[in-house]
Amino acid sequence: KDVHEQPCKQCVTCHFCRQKTVDTKTWCPCALKKGRIVGGRSRGALCGTCLEMRYGENIEEALSNPDWRCPVCRDICNCSGANCLRARRNLFPTNQLVNEAERLGDKSVGHYL
């Protein structure tokens, strides 16, 4: 549900789930890049849920670490975005792998892949 008038300057879109919300997101220096960048403009912003489920990382730890870089910068992004790294490498979209990763005992989808 939209909380703010559009276009909203307070909300940030999660790179993975693409939900534009006011909840806490990660931040990466790549967000300062200008022009068209691989992974799209929201590549450094991930919500806590996606960061945990897709990469096995904690948002508080990511935010407290000044050296933290987003999954796109670290070349481990597993999103299905057309402008992101998996698509550019012609790898299959990861779709809904959370349940399969958990069933097999993996900490996250990133660990599963």
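The values are calculated or read from the model by the stated rules, or taken from the named source; none is laboratory data. This one's a predicted model, so the numbers in the text were calculated from it and none came from an experiment. When we count neighbours, we look across all protein chains shown, and the Cβ atoms used for this are built from the backbone with ideal geometry, even at glycine. Accessible surface areas use protein heavy atoms only, side chains included; no ligands, DNA or RNA. Shrake-Rupley method; radii C 1.70, N 1.55, O 1.52, S 1.80 Å.
Quick rundown of the values:
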quantity	calculated
Exposure ranking of VAL109, VAL12 by accessible area [1.4 Å probe, largest first]	VAL12, VAL109
Heavy-atom accessible area order for LEU63, LEU51, largest first, 1.4 Å probe	LEU63, LEU51
Ordering of 64-74, 96-106 by burial proxy (mean other Cβ atoms within 10 Å per residue, highest first)	64-74, 96-106
Net charge over other residues, Cβ less than 15 angstrom from the Cβ of ILE59 (K, R count +1; D, E count -1)	-2
